[in-house]
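For reference, the structure discussed in these notes is given below.
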Amino acid sequence: MYFSRGGCGFSAGLIGIVFPLFQSAQAAEPAGFTSQPLRIVVPAPAGGGISLQARLLAPVMRAHLGQQVLVEHRAGAGGVIGSAGVARAPADGHTLLLASTALTVNAAWLPEQMPFDLLPDFAPVSLLSTAPLVLAVHPGVPAKSVPELVALVKRGRPAVRAGGNASGSLSHVALSQFARTAGLRMEGVLFNGGGPAMQSLVHGQFDALFLSAPVAIPQLTAQRLRALAITAAEPLPLLAATPLLHQFYPGLVIENRYVLLAPAGTPKAVITRLNVEVRRALDDADLRERYAALGLAAAGSTPEILAQTLRRDVERYSGMIRQGLLSLQ
């Protein structure tokens, strides 16, 4: 598969034991923690899966914390610029990164080119949610199923133009794995985020894309795109009639994890307080309902479980790359 770049260069997306609430706010946080604005940095353009859920999470956390919670987009280099900025931010709990599985993919793929090390340079706060990807096509594409799309690509006339988010994104991973498993050669275009890629697909600038569920579902509902499959292990209630990709290609189950991270060195008491507040927000019935409407499964975790999950994901993708099972060129 060959890719040209429609955006910037390389990119950098369990319920655990409930922590006890604090007996004293003074013991749980440094002086002034609750009086300063809290910034959630989204390392991608507006309109993507990370951006959508950050904007849903922020007002709920704001209500619980009694302080400003701001969403700040720092797009560039497929997520590297925003992530690096958070890694270098003061370790006081006021600047957080909302990241996707792309962060672990890039930690495995291009560790020597990243301006930070994932686990040493970030302190895990909590898992936020999980969601599958949707293999979506423009309505003008004649294929109505995965086998029909594969047959169309193999005929090669006209060439099917496939897209992905940024290099190293889970959309990029899914396209690479799908092409390898199905034995396809497609023209590929990579963008700098799910929002720009989705807009290009909607406008017919290319034909097929693996989109995160939160980005895909509104477009599918409006019939601006058509879903051929989802990468989940089990049917998604909102897309119950859409086949699972692993039904056609066993083993192709791909889940995006969205996580909240702080700079390394953030005091443990602050991480614990943030974890409690994030999971408290994720327990909010209205937030869970709004997440579910976007295909997101709210899923808080302890910082320790998230650290284990990140480490396991990096090891998994590193192994796949070493074995030649995943190519992101």
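Every number here is computed from the coordinates shown, using simple stated rules; none is lab data. Keep in mind the model is a prediction, meaning the values are calculated, not measured. Positions of Cβ are backbone-derived with ideal geometry, glycine not excepted, and every protein chain shown enters the neighbour counts.
The table below gives the values:
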| item | result |
| --- | --- |
| 10 Å binning of all Cα-Cα separations within region 140-204, expressed as whole percents from 0 upward | 21, 52, 27 |
| Largest to smallest principal axis extent of the C-alpha atoms in region 64-174, angstrom | 56, 38, 21 |
| MRE, 222 nm, helices only [DSSP H, n ≥ 4, -39500 (n - 2.57), over the chain, to nearest 500] | -11500 deg cm²/dmol |
| Label of the coordinate-derived value, mean projected area of the Cα convex hull in nm², listed as (1) 15.4; (2) 20.8; (3) 19.2 | (1) |
| Relative contact order [Cα under 8 Å, 6+ residues apart], region 132-248, whole percent | 38 |
| FRET efficiency, 1/(1 + (r/R0)^6) with R0 22 Å, evaluated for E112 and R311 via beta carbons | 0.75 |
| Bridge type composition, the chain - antiparallel percent by DSSP, nearest 5 | 55 |
| Residues A285 and A222, FRET efficiency given R0 of 22 Å [Cβ-Cβ distance, rounded to 0.05] | 0.25 |
| Quotient of C-alpha Rg and 2.2 N^0.38 Å, computed over region 132-248 | 0.94 |
| Mean Cβ neighbour count within 10 Å, used as a protection proxy, ranking 123-134, 224-235 highest first | 123-134, 224-235 |
| Placed amide H near A229: partners under 5 Å, 5+ positions off or other chain | L135 |
| Segments 167-175, 204-212 sorted - mean Cβ within 10 Å per residue, highest first | 167-175, 204-212 |
| Inter-site label distance for A151 and V253 at 7 Å from Cα along Cβ, in nm | 2.9 |
| Long-range HN-HN contacts of T95 with modeled amide H, under 5 Å | R39 |
| Relative contact order of region 218-329, pairs being alpha-carbon contacts under 8 Å that are 6 or more residues apart, as % | 15 |
| Of all DSSP beta bridges in region 132-248, antiparallel share, percent nearest 5 | 55 |
| Förster radius 25 Å - calculated FRET efficiency between V202 and K144 (Cβ-Cβ, nearest 0.05) | 0.85 |
| Length added when fully stretched, Q68-S327, from 0.36 nm per residue minus Cα-Cα | 89.0 nm |
